[in-house]
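I have placed the structure first, in the form of C-alpha coordinates, so that the comments after it can refer back to it.
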Amino acid sequence: MITTQAVSGPAADTDLRQMMLIRHFEWKLLELFERGELNGTTHTCLGQEYVPVALTPLLDSRDFVFSNHRGHGHYLARFDDPRGLLAEIMGRDGGVCHGVGGSQHILRDRYLSTGVQGQSLPVATGVALALKRLEPGALACVYIGDGTWGEGAVYEALNMAALWQLPLLVVVEHNGIAQSTPTEAQMSGTIAGRAEAFGLRHHRVESMDVDEIRRQLAPVVSRVRETCSPVVIEVETNRVGPHSKGDDSRPPAIVERARERDWYRRYAAEFPDRWAHWDNAMKSFVDSVAVEVAALPPAVWSDR
(Lines give C-alpha, C1' and ligand atoms only; values in the text may rest on other atoms or scores of the structure.)
Protein backbone atom coordinates (compact mmCIF):
# COMPACT_ATOMS: atom_id res chain seq x y z
CA MET A 1 0.00 0.00 0.00
CA ILE A 2 1.06 3.63 -0.37
CA THR A 3 3.35 4.68 2.42
CA THR A 4 1.82 7.05 4.96
CA GLN A 5 5.08 8.57 6.15
CA ALA A 6 5.47 12.32 5.70
CA VAL A 7 6.74 13.41 2.31
CA SER A 8 10.09 15.21 2.27
CA GLY A 9 10.00 16.88 -1.15
CA PRO A 10 9.76 17.98 -3.82
CA ALA A 11 13.22 19.48 -3.74
CA ALA A 12 12.48 22.00 -6.47
CA ASP A 13 9.55 24.34 -6.92
CA THR A 14 9.42 23.18 -10.53
CA ASP A 15 8.10 19.81 -9.33
CA LEU A 16 5.35 21.31 -7.21
CA ARG A 17 4.49 23.73 -10.01
CA GLN A 18 4.13 20.85 -12.47
CA MET A 19 1.98 18.82 -10.10
CA MET A 20 -0.29 21.80 -9.45
CA LEU A 21 -0.46 22.61 -13.16
CA ILE A 22 -1.69 19.12 -13.94
CA ARG A 23 -4.15 19.12 -11.02
CA HIS A 24 -5.75 22.43 -12.03
CA PHE A 25 -5.73 21.48 -15.71
CA GLU A 26 -7.72 18.35 -14.93
CA TRP A 27 -10.13 20.23 -12.68
CA LYS A 28 -10.63 22.79 -15.45
CA LEU A 29 -11.57 20.03 -17.91
CA LEU A 30 -14.26 18.73 -15.55
CA GLU A 31 -15.51 22.29 -15.06
CA LEU A 32 -15.70 22.90 -18.81
CA PHE A 33 -17.62 19.66 -19.32
CA GLU A 34 -20.10 20.64 -16.62
CA ARG A 35 -20.66 23.96 -18.39
CA GLY A 36 -21.18 22.26 -21.75
CA GLU A 37 -18.10 23.86 -23.27
CA LEU A 38 -16.26 20.62 -23.97
CA ASN A 39 -17.44 17.76 -26.17
CA GLY A 40 -16.45 14.11 -26.37
CA THR A 41 -14.93 12.37 -23.38
CA THR A 42 -11.94 12.74 -21.12
CA HIS A 43 -10.26 10.75 -18.36
CA THR A 44 -8.42 12.71 -15.70
CA CYS A 45 -5.33 11.62 -13.79
CA LEU A 46 -6.41 13.27 -10.52
CA GLY A 47 -4.34 11.75 -7.72
CA GLN A 48 -1.64 10.40 -10.05
CA GLU A 49 0.01 13.66 -11.12
CA TYR A 50 3.24 13.07 -9.20
CA VAL A 51 4.10 9.90 -11.14
CA PRO A 52 5.10 11.46 -14.50
CA VAL A 53 6.49 14.54 -12.71
CA ALA A 54 8.88 12.28 -10.81
CA LEU A 55 9.82 10.13 -13.80
CA THR A 56 10.14 12.67 -16.63
CA PRO A 57 13.53 14.15 -15.53
CA LEU A 58 14.99 10.63 -15.78
CA LEU A 59 14.07 10.54 -19.48
CA ASP A 60 15.71 12.52 -22.28
CA SER A 61 14.83 13.82 -25.73
CA ARG A 62 15.93 10.58 -27.42
CA ASP A 63 13.39 8.53 -25.49
CA PHE A 64 9.90 7.70 -26.70
CA VAL A 65 6.96 8.05 -24.31
CA PHE A 66 3.73 6.11 -24.87
CA SER A 67 0.65 7.09 -22.94
CA ASN A 68 -2.96 5.97 -22.56
CA HIS A 69 -6.49 7.28 -22.12
CA ARG A 70 -5.56 8.87 -18.76
CA GLY A 71 -2.55 10.68 -20.15
CA HIS A 72 -2.88 14.46 -19.73
CA GLY A 73 -0.34 14.40 -16.91
CA HIS A 74 2.13 12.43 -19.02
CA TYR A 75 1.87 15.02 -21.80
CA LEU A 76 2.11 18.05 -19.53
CA ALA A 77 5.08 16.64 -17.61
CA ARG A 78 6.84 16.01 -20.92
CA PHE A 79 6.04 19.25 -22.79
CA ASP A 80 4.64 21.78 -20.27
CA ASP A 81 2.11 22.83 -22.94
CA PRO A 82 -1.35 23.37 -21.41
CA ARG A 83 -2.43 25.71 -24.23
CA GLY A 84 -1.72 23.21 -26.98
CA LEU A 85 -3.35 20.35 -25.10
CA LEU A 86 -6.47 22.30 -24.10
CA ALA A 87 -6.87 23.64 -27.63
CA GLU A 88 -6.62 20.07 -28.89
CA ILE A 89 -9.26 18.81 -26.48
CA MET A 90 -11.56 21.75 -27.27
CA GLY A 91 -11.05 21.39 -31.03
CA ARG A 92 -9.57 24.89 -31.33
CA ASP A 93 -6.93 26.34 -33.57
CA GLY A 94 -3.46 25.75 -32.14
CA GLY A 95 -4.21 22.25 -30.85
CA VAL A 96 -1.18 19.99 -30.77
CA CYS A 97 -2.83 17.68 -33.34
CA HIS A 98 -5.00 20.35 -34.96
CA GLY A 99 -8.07 19.16 -33.06
CA VAL A 100 -8.06 15.71 -34.66
CA GLY A 101 -6.78 13.66 -31.73
CA GLY A 102 -8.79 15.10 -28.86
CA SER A 103 -8.11 14.01 -25.30
CA GLN A 104 -6.80 10.51 -25.90
CA HIS A 105 -4.90 10.40 -29.20
CA ILE A 106 -1.91 12.73 -29.12
CA LEU A 107 1.18 12.61 -31.34
CA ARG A 108 4.17 14.88 -30.81
CA ASP A 109 7.96 14.57 -30.83
CA ARG A 110 8.43 10.95 -29.76
CA TYR A 111 5.24 10.97 -27.74
CA LEU A 112 2.11 8.98 -28.58
CA SER A 113 -1.08 8.31 -26.62
CA THR A 114 -4.00 6.04 -27.43
CA GLY A 115 -7.36 5.35 -25.85
CA VAL A 116 -7.30 1.63 -26.66
CA GLN A 117 -6.31 -0.42 -23.62
CA GLY A 118 -3.08 -2.35 -24.15
CA GLN A 119 -2.49 -0.92 -27.62
CA SER A 120 0.51 1.21 -26.73
CA LEU A 121 2.64 -1.59 -25.27
CA PRO A 122 3.13 -3.60 -28.50
CA VAL A 123 3.92 -0.35 -30.33
CA ALA A 124 6.40 0.64 -27.64
CA THR A 125 8.00 -2.79 -27.91
CA GLY A 126 8.49 -2.34 -31.64
CA VAL A 127 9.98 1.10 -31.10
CA ALA A 128 12.29 -0.30 -28.41
CA LEU A 129 13.56 -2.84 -30.94
CA ALA A 130 14.26 -0.04 -33.42
CA LEU A 131 16.03 2.00 -30.74
CA LYS A 132 18.21 -0.95 -29.77
CA ARG A 133 19.35 -1.33 -33.36
CA LEU A 134 19.56 2.32 -34.41
CA GLU A 135 19.91 4.51 -31.32
CA PRO A 136 21.73 2.68 -28.51
CA GLY A 137 21.17 4.31 -25.14
CA ALA A 138 17.62 5.47 -25.90
CA LEU A 139 14.57 3.72 -24.46
CA ALA A 140 10.83 3.44 -24.83
CA CYS A 141 8.74 4.31 -21.77
CA VAL A 142 5.12 3.18 -21.74
CA TYR A 143 2.48 4.00 -19.12
CA ILE A 144 -0.29 1.48 -18.50
CA GLY A 145 -2.77 0.87 -15.68
CA ASP A 146 -3.43 -2.21 -13.57
CA GLY A 147 -6.65 -2.82 -15.51
CA THR A 148 -4.69 -3.12 -18.75
CA TRP A 149 -3.25 -6.43 -17.57
CA GLY A 150 -6.48 -8.01 -18.76
CA GLU A 151 -5.40 -7.44 -22.37
CA GLY A 152 -3.63 -10.27 -24.20
CA ALA A 153 -1.47 -7.84 -26.19
CA VAL A 154 0.31 -6.95 -22.95
CA TYR A 155 1.65 -10.47 -22.57
CA GLU A 156 2.68 -10.82 -26.21
CA ALA A 157 4.63 -7.56 -25.93
CA LEU A 158 6.29 -8.52 -22.64
CA ASN A 159 7.31 -11.88 -24.09
CA MET A 160 9.04 -10.20 -27.04
CA ALA A 161 10.66 -7.55 -24.84
CA ALA A 162 12.12 -10.23 -22.59
CA LEU A 163 13.10 -12.58 -25.43
CA TRP A 164 14.87 -9.86 -27.42
CA GLN A 165 16.14 -7.90 -24.39
CA LEU A 166 14.73 -4.52 -25.40
CA PRO A 167 15.21 -1.10 -23.76
CA LEU A 168 11.60 -0.96 -22.54
CA LEU A 169 10.37 0.76 -19.39
CA VAL A 170 6.84 -0.34 -18.46
CA VAL A 171 5.34 2.01 -15.86
CA VAL A 172 2.21 0.60 -14.24
CA GLU A 173 0.12 3.25 -12.50
CA HIS A 174 -1.64 0.89 -10.11
CA ASN A 175 -4.63 2.83 -8.79
CA GLY A 176 -6.55 -0.24 -7.69
CA ILE A 177 -9.52 0.03 -10.03
CA ALA A 178 -10.16 -0.75 -13.70
CA GLN A 179 -12.89 1.71 -14.70
CA SER A 180 -15.40 0.46 -12.11
CA THR A 181 -13.94 -2.92 -11.14
CA PRO A 182 -11.53 -3.24 -8.19
CA THR A 183 -8.26 -4.89 -9.10
CA GLU A 184 -8.74 -7.73 -6.62
CA ALA A 185 -12.01 -8.65 -8.34
CA GLN A 186 -10.45 -9.06 -11.79
CA MET A 187 -6.77 -9.96 -11.36
CA SER A 188 -5.47 -13.29 -10.11
CA GLY A 189 -2.01 -13.11 -8.61
CA THR A 190 0.14 -9.99 -8.73
CA ILE A 191 1.73 -7.73 -11.30
CA ALA A 192 5.12 -8.71 -9.91
CA GLY A 193 4.33 -12.37 -10.47
CA ARG A 194 3.21 -11.77 -14.02
CA ALA A 195 6.35 -9.80 -14.84
CA GLU A 196 8.56 -12.44 -13.26
CA ALA A 197 6.87 -15.14 -15.35
CA PHE A 198 8.62 -13.61 -18.36
CA GLY A 199 11.91 -13.21 -16.52
CA LEU A 200 11.41 -9.45 -16.28
CA ARG A 201 12.70 -7.37 -13.41
CA HIS A 202 10.00 -5.73 -11.31
CA HIS A 203 10.33 -2.67 -9.09
CA ARG A 204 7.54 -1.48 -6.81
CA VAL A 205 7.16 2.16 -5.73
CA GLU A 206 4.93 2.95 -2.76
CA SER A 207 6.06 6.53 -2.07
CA MET A 208 4.45 9.81 -3.13
CA ASP A 209 7.66 11.70 -2.46
CA VAL A 210 8.96 12.91 -5.83
CA ASP A 211 12.57 12.95 -4.64
CA GLU A 212 12.32 9.46 -3.19
CA ILE A 213 10.74 8.08 -6.36
CA ARG A 214 13.58 9.53 -8.43
CA ARG A 215 16.15 8.14 -6.02
CA GLN A 216 14.66 4.68 -6.41
CA LEU A 217 14.16 4.80 -10.17
CA ALA A 218 17.34 6.53 -11.36
CA PRO A 219 19.44 3.32 -11.27
CA VAL A 220 16.54 1.31 -12.69
CA VAL A 221 16.22 3.60 -15.71
CA SER A 222 20.00 3.71 -16.18
CA ARG A 223 20.15 -0.07 -16.26
CA VAL A 224 17.50 -0.22 -18.98
CA ARG A 225 19.60 2.18 -21.07
CA GLU A 226 22.95 0.53 -20.46
CA THR A 227 21.98 -3.13 -20.70
CA CYS A 228 18.81 -3.14 -22.85
CA SER A 229 17.14 -4.98 -20.00
CA PRO A 230 13.37 -4.36 -19.84
CA VAL A 231 11.73 -3.65 -16.50
CA VAL A 232 8.23 -3.30 -15.07
CA ILE A 233 7.85 -0.45 -12.57
CA GLU A 234 4.68 -0.71 -10.50
CA VAL A 235 3.68 2.56 -8.84
CA GLU A 236 1.05 2.27 -6.13
CA THR A 237 -1.13 5.34 -6.57
CA ASN A 238 -4.64 6.78 -6.18
CA ARG A 239 -7.42 7.59 -8.60
CA VAL A 240 -9.06 10.48 -6.79
CA GLY A 241 -11.46 11.46 -9.57
CA PRO A 242 -14.05 9.52 -11.58
CA HIS A 243 -13.24 7.14 -14.40
CA SER A 244 -14.48 9.69 -16.92
CA LYS A 245 -16.16 12.90 -15.82
CA GLY A 246 -19.03 12.13 -13.40
CA ASP A 247 -19.17 8.33 -13.54
CA ASP A 248 -17.56 7.36 -10.24
CA SER A 249 -19.37 4.25 -9.04
CA ARG A 250 -17.17 3.63 -6.00
CA PRO A 251 -18.76 3.77 -2.52
CA PRO A 252 -18.31 7.21 -0.91
CA ALA A 253 -16.12 5.71 1.83
CA ILE A 254 -13.67 4.35 -0.76
CA VAL A 255 -13.53 7.70 -2.56
CA GLU A 256 -12.90 9.52 0.71
CA ARG A 257 -10.13 7.08 1.59
CA ALA A 258 -8.45 7.85 -1.73
CA ARG A 259 -8.77 11.58 -1.08
CA GLU A 260 -7.22 11.19 2.36
CA ARG A 261 -4.16 9.61 0.71
CA ASP A 262 -4.07 12.20 -2.08
CA TRP A 263 -0.68 13.87 -2.51
CA TYR A 264 -2.54 17.19 -2.80
CA ARG A 265 -3.71 16.99 0.81
CA ARG A 266 -0.44 15.61 2.11
CA TYR A 267 1.70 18.27 0.43
CA ALA A 268 -0.68 20.94 1.77
CA ALA A 269 0.01 19.69 5.29
CA GLU A 270 3.77 19.35 4.83
CA PHE A 271 4.52 22.50 2.82
CA PRO A 272 1.62 24.91 3.49
CA ASP A 273 3.30 28.09 2.23
CA ARG A 274 4.77 26.66 -0.97
CA TRP A 275 1.61 24.62 -1.54
CA ALA A 276 -0.62 27.72 -1.25
CA HIS A 277 1.63 29.75 -3.54
CA TRP A 278 1.67 27.24 -6.37
CA ASP A 279 -1.93 26.21 -5.86
CA ASN A 280 -3.10 29.79 -6.36
CA ALA A 281 -0.60 30.52 -9.11
CA MET A 282 -1.49 27.49 -11.22
CA LYS A 283 -5.23 27.96 -10.74
CA SER A 284 -4.93 31.51 -12.05
CA PHE A 285 -2.67 30.40 -14.88
CA VAL A 286 -4.97 27.58 -16.02
CA ASP A 287 -7.99 29.89 -15.77
CA SER A 288 -6.25 32.37 -18.08
CA VAL A 289 -5.26 29.62 -20.52
CA ALA A 290 -8.87 28.43 -20.68
CA VAL A 291 -10.13 31.94 -21.47
CA GLU A 292 -7.48 32.36 -24.14
CA VAL A 293 -8.19 28.99 -25.78
CA ALA A 294 -11.97 29.45 -25.69
CA ALA A 295 -11.55 32.64 -27.74
CA LEU A 296 -9.68 30.82 -30.52
CA PRO A 297 -11.50 29.81 -33.71
CA PRO A 298 -12.33 26.14 -34.31
CA ALA A 299 -9.58 24.03 -35.84
CA VAL A 300 -9.80 23.64 -39.62
CA TRP A 301 -9.09 20.15 -40.91
CA SER A 302 -9.59 20.51 -44.66
CA ASP A 303 -6.02 21.63 -45.35
CA ARG A 304 -4.30 19.24 -42.94
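The values are calculated or read from the model by the stated rules, or taken from the named source; none is laboratory data. As the structure is a computational prediction, the values presented were derived from the model and not from experiment. As a convention, Cβ positions derive from the backbone with ideal geometry for all residues, glycine included, and neighbour counts pool all protein chains shown.
Among (1) at pLDDT 95 or above; (2) part of a helix (DSSP H, G or I); (3) of a type outside the set (Asp, Glu), which single condition is Val232 missing? With respect to (1) at pLDDT 95 or above; (2) part of a helix (DSSP H, G or I); (3) of a type outside the set (Asp, Glu), Val232 is out only on (2). Within the set Leu38, Leu21, the sole residue that is touching a helix residue (DSSP H, G or I) at 6+ places or on another chain (Cβ under 8 Å), assigned to a loop (DSSP other than H, G, I, E, B) and among the aliphatic types (A, V, I, L, M) turns out to be Leu38. Let me confirm something: among Leu76, Leu131, Leu85, Leu169, which residue is at pLDDT 95 or above, touching a Leu at 6+ places or on another chain (Cβ under 7 Å) and closer than 17 Å to Arg201 by Cβ? That would be Leu169, the only listed residue that is at pLDDT 95 or above, touching a Leu at 6+ places or on another chain (Cβ under 7 Å) and closer than 17 Å to Arg201 by Cβ.
Listed by first and then second residue, the pairs with beta-carbon distance under 6 Å, at least 6 apart or on different chains, first residue in segment 22-51 and farther than 19 Å from Val255 by Cβ, second of a type in the set (Asp, Glu), are Ile22/Glu49; Val51/Glu173. Selection of segment 68-98 for residues being touching a helix residue (DSSP H, G or I) at 6+ places or on another chain (Cβ under 6 Å), in a loop (DSSP other than H, G, I, E, B) and surrounded by fewer than 20 Cβ atoms within 10 Å (Cβ to Cβ) yields Gly94, Cys97. Condition check for Trp149 on (1) surrounded by 18 or more Cβ atoms within 10 Å (Cβ to Cβ); (2) of a type in the set (Phe, Trp, Tyr); (3) modelled with pLDDT of 95 or more: one failure, at (3). Only one of the listed residues (Leu121, Leu112) is surrounded by fewer than 23 Cβ atoms within 10 Å (Cβ to Cβ), closer than 18 Å to Thr148 by Cα and in contact (Cβ under 8 Å) with a residue 24 or more places away in the chain. That residue is Leu112. Annotation note: Cβ proximity below 8 Å between a residue of segment 210-233 that is surrounded by fewer than 16 Cβ atoms within 10 Å (Cβ to Cβ) and a residue that is assigned to a helix (DSSP H, G or I) and not acidic (Asp, Glu) (sequence gap 6+ or interchain) occurs for Ala218/Leu58.
To keep it simple, each residue is scored yes or no on (1) small (Gly, Ala, Ser); (2) over 23 Å from the mean Cα position of the chain (by Cα); (3) at pLDDT 90 or above; (4) surrounded by 14 or more Cβ atoms within 10 Å (Cβ to Cβ).
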residue: Pro252; (1), (2), (3), (4): no, yes, no, no
residue: Asp262; (1), (2), (3), (4): no, no, yes, yes
residue: Arg265; (1), (2), (3), (4): no, no, yes, no
residue: His277; (1), (2), (3), (4): no, yes, yes, yes
residue: Met282; (1), (2), (3), (4): no, no, yes, yes
residue: Phe285; (1), (2), (3), (4): no, no, yes, yes
residue: Pro297; (1), (2), (3), (4): no, yes, yes, no
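In segment 99-109, of all residues being under 15 Å from the mean Cα position of the chain (by Cα) and modelled with pLDDT under 95, the one that is surrounded by the most Cβ atoms within 10 Å (Cβ to Cβ) corresponds to Ser103. For segment 50-67, check the following and say yes or no: at least one residue is part of a loop (DSSP other than H, G, I, E, B) and under 10 Å from the mean Cα position of the chain (by Cα). Scanning segment 50-67 turns up no residue that is part of a loop (DSSP other than H, G, I, E, B) and under 10 Å from the mean Cα position of the chain (by Cα).
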